[in-house]
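> Here you go, one structure.
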Amino acid sequence: MSRESNTVAVLFADIARSTHLYEVLGDTQANALIRDCIALLSKVTVQFRGCVIKTIGDEILCTFPEADDAVNAGKAMHEAMGHLPCIDNPAYTPPNIYVGIHYGPVIEENGDIFGDTVNMAARMVDIAKQRQIIISEQTVALLNDELRQSARFIDKITIKGKSGEADIFEVVWEKQDLTLVFNTDSESQMTRKNFVATLVLQYHDHTITVEQNRPVVTLGRQNHNDIVVCDGPVSRSHARIEYRRGKFLLIDQSTNGTYIQEQGKKIMRVKQLEMPLNGDGIISLGREPDPDLSFAIHYQNRTHTCFSEV
C-alpha cells in the first residue's frame with residue numbers, strides 16, 4: 001500500500017442541477033451529456049498541469065501543483081461549459097458548474113487523496129453558486145498579484161470540527177476589467193459599527209435582502225441567478241450586488257450595461273463598473289427603465305443606527 005504526503009491545490013467541480021437534466025432530457029441523453037461535461041473538465045485539468053483524482057457521478061476531484069494552476073483551471077472550466085453542443089429541447093438549459101478550491105497538505109494513497117485539505121475544498125464547492133469559484137484564505141495568499149486582485153472576500157464561515165471562523169473568497173472570472181466608482185460624500189460612508197445596513201430588492205413578487213449575512217446577490221437572464229430577468233438585452237450573468245463594510249455596490253459585468261435611477265435623480269448607465277447604491281431607486285438590466293417598469297428592480301436602503309452603551 002503506497003501512502004505519502006504532498007502539498008497541493010485541491011479542486012472540486014460539480015455540475016449544477018444534474019437531476020433537472022435527467023428530468024428534461026431523460027436518462028440516456030442526460031447521462032451522455034454529463035459524461036461529455038466530465039470529459040471536458042478532465043481535459044482542462046490536464047491543460048493546467050493538474051491530475052484528475054476521480055470522478056463521482058456529476059463531480060470531479062483534481063489536484064494541481066500550485067494555487068495559480070487550480071484557479072486558472074477553474075476559470076477555464078467555466079468557460080469550457082459555454083462550448084457544449086446545443087440540444088434541441090425548449091426545456092433544456094445548458095449546465096453550469098460549481099467550483100471550490102483549497103490549498104494544503106494531503107495524504108495520497110492508492111491513487112486517491114485524503115485529509116483536511118480535501119474536506120475544506122469540498123466545503124468550498126458546497127458554498128459556491130453556479131458559475132462561481134470559491135476559494136479559501138490560504139489559497140488567496142498563494143496567488144500571483146493579478147489573480148489575487150480578482151479575489152473578493154464574501155463571507156466568514158464556520159467549519160465543522162474547527163474552532164473559529166474561516167474567510168472565504170470568490171474569484172471573479174467573467175469580467176475582471178472593472179473600474180471602481182465611489183461616492184466620497186461622507187453621508188454614504190457606512191463603516192462605523194453603530195450602523196446596520198440592509199438593501200431590499202423587489203422584482204415583481206420576488207423580494208431579496210442584501211446584508212452582512214447575505215453579502216452577494218446575482219442578477220441576470222440565466223436561472224442560476226438570485227433574480228432572473230428574462231429580457232433580450234439582459235446577459236446570462238449580468239450584474240451582482242455586494243455588501244461591503246456597510247455599503248452596497250452594483251457591479252456590472254454585462255454586454256449592454258445596467259441603468260440605475262436613484263430616486264429624484266437622473267438615470268445613470270453603468271457598464272463594467274462598480275457603483276454604490278445610495279438611497280432608494282430602480283435598477284434596469286440592459287435597457288433604460290420602460291414606462292410601465294415591467295423589467296425594473298426596485299431597491300431600498302434600510303440602514304438604521306444601533307446605539308450602544310459607552
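The values are calculated or read from the model by the stated rules, or taken from the named source; none is laboratory data. The structure displayed is predicted, hence computed values, not measured ones. Counting neighbours? That spans all protein chains shown, and the Cβs are built from the backbone with ideal geometry, glycine included. Side chains are part of the model used for accessible areas, which takes the heavy atoms of the whole protein and leaves out ligands, DNA and RNA. Shrake-Rupley method; radii C 1.70, N 1.55, O 1.52, S 1.80 Å.
> Classify segment 241-303: rounded, prolate or oblate, from the alpha-carbon gyration tensor (a ≥ b ≥ c, eigenvalue square roots; a/c under 1.5 rounded; otherwise prolate if a/b is larger than b/c)?
Values: a/c = 2.00, a/b = 1.20, b/c = 1.66.
Taking the square roots of the gyration eigenvalues as a ≥ b ≥ c, segment 241-303 is oblate.
> How tilted is helix 116-127 with respect to the longest principal axis of the chain? Cα atoms for both, answer in degrees (0 to 90, nearest 10).
On a 0 to 90 degree scale, this one is about 40.
> Of Arg214, Arg152, Arg245, which has the most accessible area with a 1.4 Å probe, and how do the rest follow in descending order? Numbers along the way, then the final one.
Details: Arg214 90, Arg152 40, Arg245 195 Å².
Result of the area sort, largest leading: Arg245, Arg214, Arg152.
> May I ask for the angle, rounded to the nearest 10°, between helix 27-47 and the longest principal axis of the chain, with both axes built from Cα atoms and the value confined to 0 to 90°?
Taking Cα atoms only, the helix is inclined about 80 degrees.
> What does the charge dipole of segment 115-154 about its Cα centre add up to, to the nearest 20 debye, if the Cβ of each Lys and Arg holds +1 and the Cβ of each Asp and Glu holds -1?
Details: 5 positive and 5 negative charges, 45 e Å.
Magnitude of the dipole: close to 220 debye.
> Next question, about the same structure. Tell me what the chain gives for mean residue ellipticity at 222 nm when only DSSP H runs of n ≥ 4 count, each as -39,500 (n - 2.57), the sum divided by the residue total, rounded to 500 deg cm²/dmol. Don't skip to the end; give the middle numbers.
Details: 6 runs with 66 residues, N = 310.
The helix contribution divided over the chain gives -6500 deg cm²/dmol.
> Let's see if you can work this out: charge +1 on each Lys and Arg Cβ, -1 on each Asp and Glu Cβ, no other charges. What is the dipole magnitude of segment 1-142 about its Cα centre, in debye to the nearest 20? If you can, show how the numbers build up before the last one.
On the way: 10 positive and 18 negative charges, 47 e Å.
It comes to approximately 220 debye.
> What is segment 232-271 by shape, rounded, prolate or oblate, if you read a ≥ b ≥ c off the alpha carbon gyration tensor as root eigenvalues and call it rounded for a/c under 1.5, prolate for a/b larger than b/c, and oblate otherwise? Intermediate values should be presented prior to the final figure.
Values: a/c = 2.87, a/b = 1.17, b/c = 2.46.
It comes out oblate by the Cα gyration axes.
> Then there is this: Determine how large the accessible area of Met268 is when every protein chain is in place; take a 1.4 Å probe and give Å² rounded to the nearest 10.
Accessible surface of Met268 is approximately 90 Å².
> Roll a 1.4 Å probe over the protein chains and send me the accessible area per residue for the chain in Å².
On the way: 15680 Å² over 310 residues.
Per-residue accessible area for the chain comes out at 51 Å².
> For Lys75, give me every one of the lysines with a C-alpha distance below 25 angstrom, ignoring sequence neighbours fewer than eight places off in its own chain.
Lys43, Lys54, Lys129, Lys156, Lys175, Lys271
> What translational diffusion coefficient, to the nearest whole µm²/s, does segment 1-122 have by Stokes-Einstein, given a Kirkwood radius computed over alpha-carbon pairs, a temperature of 10 °C and 1.306 mPa s viscosity?
Working: Rh = 15.0 Å.
Here the translational diffusion coefficient equals 106 µm²/s.
> Follow-up. Sort out for me the Cα centre separation of segment 237-297 from segment 78-155, rounded to whole Å.
28
> Next up: Name the shape class, rounded, prolate or oblate, that the alpha-carbon gyration tensor gives for the chain, where a ≥ b ≥ c are the square roots of its eigenvalues, rounded holds for a/c under 1.5, and otherwise prolate holds if a/b is larger than b/c and oblate otherwise. Intermediate results must be reported in sequence, preceding the final value.
On the way: a/c = 2.24, a/b = 1.39, b/c = 1.61.
Taking the square roots of the gyration eigenvalues as a ≥ b ≥ c, the chain is oblate.
> Pairing the Cα long axis of helix 67-81 with the longest principal axis of the chain, what angle in degrees results, from 0 to 90 and rounded to the nearest 10?
Relative to the chain, helix 67-81 is tipped by roughly 80 degrees.
> Treating only the Cβ of Lys, Arg, Asp and Glu as charged (+1, +1, -1, -1), what charge dipole size does the chain show about its Cα centre? Round to the nearest 20 debye. Walk me through the intermediate numbers first.
Numbers: 31 positive and 41 negative charges, 96 e Å.
The calculated dipole for the chain is roughly 460 debye.
> What does the accessible area of Arg35 come to, in Å² to the nearest 10, when a probe of 1.4 Å is used?
140
> Further question on the same structure: I'd like the carbon and sulfur percentage of the solvent accessible area for the chain, probe radius 1.4 Å, heavy atoms only, ligands and nucleic acids excluded.
Heavy-atom surface of the chain belonging to carbon and sulfur, 1.4 Å probe: 48 percent.
> Residue by residue through segment 202-210, which ³J(HN,Hα) values in whole Hz follow from phi under the Karplus form 6.51 cos²θ - 1.76 cosθ + 1.60 (θ = phi - 60°), with glycine and proline marked x?
Calculated HN-Hα couplings, in order: 10, 10, 6, 9, 9, 10, 10, 10, 9 Hz.
> Put +1 on the Cβ of every Lys and Arg and -1 on every Asp and Glu Cβ in segment 199-310; which of Met268, Val228, Gly279 then has its Cα farthest towards the positive end of the dipole?
Met268
> How large is the accessible surface of Phe48 in square angstrom, using a 1.4 angstrom probe and rounding to the nearest 10?
The accessible area of Phe48 comes to roughly 60 Å².
> Considering the dipole of the chain built from charges on the beta carbon (Lys and Arg +1, Asp and Glu -1) around the Cα centre, which of Val200, Leu11, His78 is farthest to its positive end?
Val200
> Reachable aspartates and glutamates from Lys265, Cα under 18 Å, same-chain residues fewer than 8 places away excluded?
Counting by Cα, and skipping residues close in sequence, Lys265 has these aspartates and glutamates nearby: Asp185, Glu187, Asp280, Glu288, Asp290.
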